[in-house]
Each structure stands twice: as C-alpha cells, then as structure tokens.
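Notes to accompany the following structure.
The values are calculated or read from the model by the stated rules, or taken from the named source; none is laboratory data. Nothing here was measured: the structure is a model prediction, and the numbers come from that model. Cβ coordinates were reconstructed from backbone atoms using ideal geometry, including for glycine residues, and neighbour counts include every protein chain displayed. SASA here: full protein model, heavy atoms, side chains in, ligands and nucleic acids out. Shrake-Rupley method; radii C 1.70, N 1.55, O 1.52, S 1.80 Å.
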Amino acid sequence: MSMRRRRYTDELSAANDGERVCIAGWVHEKRDLGGVFFLILRDFGGLAQVTLHRGDVDKELFARAKRVPRESVVAIEGRVKGEEKAPSGYEIIPERIEVLNESSQILPLDTTDKVGAELDTRLDARFMDLRRERVKHIFIIRSRVLRAIRDFFNERGFMEVNTPKIVSAATEGGTALFPISYFEREAFLNQSPQLYKQMLMASGFDRVYEIGPIFRAEEHDTTKHLNEATSVDIEVAFATEEDVMSILEELVAHVYTQIADYPGLSRLGTGLEEGFDVPKVPFPRITYDEAIELVSESGEQIEWGEDLSASAEHVLGETMGEHYFIIEWPSAIKPFYAQPSPHRSDICTAFDLMHPRLELASGSQRVHSYELLRANIESKGLSADDFEFYLDAFRYGMPPHAGWGLGVERLLMSMLRVDNIREVVLFPRDRRRLVP
Ligand code: AMO
C-alpha cells in the first residue's frame with residue numbers, strides 16, 4: 001500500500017462519495033454492534049469512521065478489524081460513502097485493512113478522553129498523551145505562536161540569532177546555574193542569552209532576536225516554573241526601555257490576534273469556547289512604588305526594596321485585571337546590567353510585563369558605560385574578571401541599547417488559561433523529571 005496516496009481524514013468529506021482512498025493512522029475506538037462493526041481511525045487530521053457490515057465484507061477482513069488492538073497502526077483502503085450519522089459526514093467501506101504495527105493490549109492512557117488521568121501519568125506516557133485531541137491543539141497553537149513571533153520580528157527588520165548555551169558565567173542573580181563539565185573546566189548551561197545579545201549591540205547588528213532554551217536550576221516545584229524553558233529575547237541598539245516595551249506589548253497583541261481564530265481553542269476545555277479578547281495596547285504602567293502601595297491596601301506589607309511575593313503579584317493581578325507593566329524598580333533587586341533611572345539614583349529602567357496570573361517578561365534599558373557596568377558587577381558581589389569577555393565589548397564603541405526576555409511557556413499558559421506550565425511543554429524538565 002503506497003503511503004504517497006495516503007489521504008488525511010480531514011481532507012475527505014461526503015463530497016468524495018464513491019472515491020477509492022487510502023487512509024492510515026491509529027485505531028482510536030472499536031464499536032461492535034453485532035451485524036455492524038465500526039473502527040474509528042485517527043490521524044493527525046482527525047477521526048474517520050470505518051464501517052464493516054458483517055454480511056457484505058470478507059469474513060477474514062471482518063475478523064481482522066475486530067481483533068486488532070486499540071492504538072495499533074493500520075492502513076485502510078476503501079470507498080468513501082457519504083453518511084450523515086458519521087462524525088465527519090462520511091464513512092469508509094473498507095476493502096483492505098493492513099495492520100502495520102500492533103499495539104500492546106493494556107494502554108498506559110486512554111486517548112479517547114473517556115477516562116481522565118493525572119498530569120504525572122500523562123507526562124510519563126507523553127507520546128500517548130500527545131495523541132489526545134486537546135493536547136494536540138496545544139502544540140499546534142505553540143507552533144503557530146512561534147511562527148507569529150518570527151513573522152512579527154522578520155517584518156520589523158530584526159535579525160534572528162543563536163547564541164551559545166554552554167557558558168562560563170551567570171547573568172540572572174536570583175536563580176542558580178546548572179554546572180556541567182566542559183573538558184578540564186567547569187561550565188554552565190545558560191540562564192539567558194543576556195550577555196551575548198548585548199555584545200551583539202557592539203557589532204552593528206542592532207535589532208536582534210533569539211528564540212531558544214534557558215536553564216534555571218530552581219529548586220522549587222511550582223505550576224509556573226520549569227528548569228528548562230524557552231525564551232524569546234530581543235536587544236535593540238539606540239533604544240530606551242519605553243521603545244522595547246512598545247515592541248513587547250505589540251508582539252503580545254499580535255500573537256493573540258494570530259491565534260484568536262484558531263478553531264481548536266474551543267476544544268481545549270479551558271473555558272475558551274467563545275475564544276478570547278485580544279489585549280488592547282498600550283498596556284497600563286504602574287511604578288514599583290505604586291505596586292507596593294496597592295499591595296499594602298490588601299494588608300500585605302512589602303518593604304521598599306523587597307521583591308514582590310507571589311501573593312503580592314496575585315493582589316496586583318486582581319486589581320489590574322489585564323496585562324500591565326511594573327516600571328521603576330529599585331536597582332538593588334534588578335540585575336547589574338539595568339541602566340539606572342536618569343531621575344533617581346536608587347531606581348532603574350527595568351520593567352516587568354505582568355499578566356494578571358503571572359510574570360511574562362522582564363527587560364530594561366542597559367548600562368552601556370564600561371566603568372559603570374564594571375562597578376555594578378562588583379557591587380553585586382560578582383568578579384568583574386569573570387566578565388572580561390563581555391566587558392570588552394563595552395570598551396570600543398557600545399551604543400545605548402535596551403531589550404527584554406519573554407517566557408514562551410508563560411505566554412502560552414496565560415493565553416490558553418491552562419493551570420500548569422508543564423501542559424505547554426512536550427517533555428517538561430522539572431525538579432523531579434528528567435525522563436521521558
Ligand atoms: P528573567 O529572569 O525575568 O529575565 O526571565 C525572563 C522571562 O523568562 C521566563 N522564565 C521562566 N519561565 C519558566 N520557568 C522558569 N524557571 C523561568 N525563568 C524565567 C519568564 C521571565 O519573565 N535576561 C533577562 C531578560 C532581559 O532583561 O532581557 C532575564 O532572563 O517569563
């Protein structure tokens with residue numbers, strides 16, 4: 001049976017009535033009504049009903065269809081027949097059924113969604129979980145989101161770059177590094193492309209973006225942290241934090257717009273039956289000072305200079321009720337590369353983009369003065385010598401620049417309203433999970 005002639009189930013309809021076709025996929029369900037036997041075949045396109053009438057088909061064919069275990073891989077040749085009662089408006093009357101690979105009988109998961117399963121069980125058998133319709137839609141959307149992001153930047157004259165993931169130094173103070181052995185030296189998995197995207201600003205490539213993995217050795221096990229995440233990073237020369245905040249909010253609105261009419265949204269089971277609203281730009285901005293003031297009204301006290309707790313973010317999310325930026329952060333709780341505010345010495349140009357449920361992105365205008373950057377590195381208790389390769393780029397003509405990093409999984413989980421970040425990663429890495 002030639003695979004080249006294979007048709008997807010969603011390419012066919014009652015309009016193909018009478019045509020002889022070949023379909024291939026998995027045995028999704030079997031229904032035995034005595035005289036009639038239904039085999040539901042599933043492929044990437046959807047489901048097709050294969051109908052066998054006991055008297056009309058070859059005995060051997062009938063027996064084979066009945067015997068084949070669910071989730072086996074089969075190829076079926078037969079005629080299309082318009083059938084109003086069939087799920088896709090047609091059925092296939094088979095002439096040949098070829099079992100390409102038989103499945104074991106006891107399945108780790110039910111792909112028909114009749115029996116629910118815990119997330120852990122699902123992730124253990126992820127290859128099988130991905131066969132489920134709602135899970136498939138999540139990953140089709142993820143792929144479309146990535147395409148929408150690339151289109152957005154390519155249309156705006158950005159250049160896509162790839163920076164090393166094996167690195168020698170930390171960039172994000174708050175989270176730990178994964179050490180790896182690199183021949184006779186110690187190296188780390190990168191936490192962020194931060195240093196490299198900034199170094200590119202000294203190259204004349206003055207609008208770059210990267211979509212790639214970031215590694216965070218976070219010990220905690222939450223519904224919004226991964227140990228391997230995907231981040232969209234940009235860096236723009238001759239730009240301020242306001243310039244890159246506008247790019248960020250426009251990107252978020254663009255992604256929502258591109259996904260808003262995807263029909264599978266209503267099948268996710270996350271309350272998106274009516275779709276979602278595209279967030280309106282510009283997003284509101286509140287200062288850090290205003291944020292801690294709002295939080296204190298709810299009874300939680302945050303000392304000036306402390307980071308916002310998860311409960312503080314929750315209160316702010318409830319109050320704001322839409323995407324918003326928190327700006328003018330204390331320099332002490334932001335990384336060494338954040339440019340100080342021109343108006344106040346103890347605050348900086350850093351910003352966070354928040355969704356009511358969680359943080360999506362952070363960024364800033366960057367320090368571009370060599371002396372100030374060196375002093376900032378030292379004042380954070382780091383050794384400037386470890387950063388010489390980076391600092392060098394600031395000595396021979398570094399333009400002012402700004403950028404941000406946006407978590408792809410955070411964007412997806414907030415947009416699709418899923419509860420756990422692991423839902424939007426094919427094979428998540430977390431505190432306990434290194435396989436599959
Ligand atoms: P930050 O550390 O805030 O900033 O990371 C940027 C964004 O990446 C996502 N993210 C994560 N997502 C899932 N699990 C994690 N453990 C995790 N850690 C981070 C979040 C976060 O907002 N260099 C700066 C960016 C910049 O200034 O350009 C940085 O890495 O969505």
Q.
Given axes a ≥ b ≥ c from the Cα gyration tensor, I'd like to know whether the range 303-371 is rounded (a/c under 1.5), prolate (a/b larger than b/c) or oblate.
A. prolate
Q) Hey, what's the range 173-232 come to in accessible area per residue, 1.4 Å probe, Å²? A) 48
Q) When the Karplus curve 6.51 cos²θ - 1.76 cosθ + 1.60 is applied with θ = phi - 60°, which whole-Hz ³J(HN,Hα) does each residue of the range 419-436 get, with x for Gly and Pro? A) 7, 10, 4, 5, 4, 9, 10, 4, 10, x, 10, 9, 3, 10, 10, 10, 9, x
Q. Got a number for carbon plus sulfur as a percent of the chain's accessible area, 1.4 Å probe?
A. 50
Q. Taking the Cα atoms of the chain alone, what are Rg (to one decimal) and Dmax (as a whole number) in Å?
A. 26.9, 88
Q: With a ≥ b ≥ c taken as the square roots of the eigenvalues of the C-alpha gyration tensor of the range 135-249, please select rounded if a/c is under 1.5 and otherwise prolate if a/b is larger than b/c or oblate if it is not?
A: oblate
Q: Determine the equivalent ellipsoid of the range 123-197 by diagonalising the alpha-carbon gyration tensor, then write out the semi-axes as square roots of 5 times the eigenvalues, largest first, rounded to whole Å.
A: 31, 23, 10
Q: Positive end of the charge dipole of the chain (Lys, Arg +1 and Asp, Glu -1 on Cβ, about the Cα centre): tell me which of 76, 416, 190 has its Cα farthest that way.
A: 76
**Q.** Computed Kirkwood radius, in angstrom, where 1/r is averaged over Cα pairs of the range 247-394
**A.** 17.5
Q. Expressed as a whole percent, how much of the Cα-Cα distance distribution for the range 175-241 exceeds 17 Å?
A. 54
Q.
Test of understanding: extend the Cα→C-beta vector of residue 162 to 7 Å, then name every residue of the range 179-223 with backbone N under 18 Å from that spot.
A. 189-194, 196-197, 200, 208-215
Q.
Test of understanding: in a Gaussian network model of the chain with alpha carbons linked when under 10 Å, which of 424, 236, 99 would top the mean-square fluctuation ranking?
A. 99
Q.
If I model a spin label as a point 7 Å beyond the Cα along the Cα-Cβ vector, how far apart are those points for residue 183 and residue 53 in nm?
A. 7.4
(Q) Assuming 0.36 nm per residue, please report the length gained on full extension of the stretch residue 375 to residue 32 beyond their Cα-Cα distance. (A) 115.9 nm
(Q) I'd like the trypsin sites (Lys or Arg not before Pro) in the range 60-145 restricted to DSSP loop residues with at most 10 other Cβ atoms within 10 Å, sorted by number. (A) 85, 114
Q: Give the percent of DSSP beta bridges with both residues in the chain that are antiparallel, rounded to the nearest 5.
A: 90
Q. Label point 7 Å out from residue 146 along Cα-to-Cβ: which residues of the range 197-214 have amide N under 17 Å?
A. 209-214
Q.
My understanding is that a pair violates if its Cα-Cα distance is over 25 Å; which of 30/136; 136/280; 81/114 do that in this structure?
A. 136/280; 81/114
Q: Before rounding to the nearest 500, sum -39500 (n - 2.57) across all DSSP H runs of length at least 4 in the chain and divide by the residue total; then give [θ] at 222 nm in deg cm²/dmol.
A: -7500 deg cm²/dmol
Q | Whole-Å distance, taken between Cα centres, linking the range 194-218 and the range 1-68 | A | 50
Q: Only Lys, Arg, Asp and Glu count, each charged at its Cβ (+1, +1, -1, -1), so figure out the dipole size of the chain about its Cα centre, rounded to 20 debye.
A: 2400
Q: Note down the accessible area of residue 320, probe 1.4 Å, to the nearest 10 Å².
A: 40
Q. So which aspartates and glutamates pass the test for residue 224, namely a Cα distance under 17 Å, with those fewer than 8 places away in the same chain ruled out?
A. 120, 313, 352, 359, 409, 419, 423, 430
(Q) Quick check: pseudo-label points 7 Å beyond the Cα along Cα→Cβ at residue 257 and residue 306, how many nm apart are they? (A) 4.2
**Q.** Whole-number accessible area per residue in Å² for the range 350-413, which is evaluated in the context of all protein chains at 1.4 Å
**A.** 35
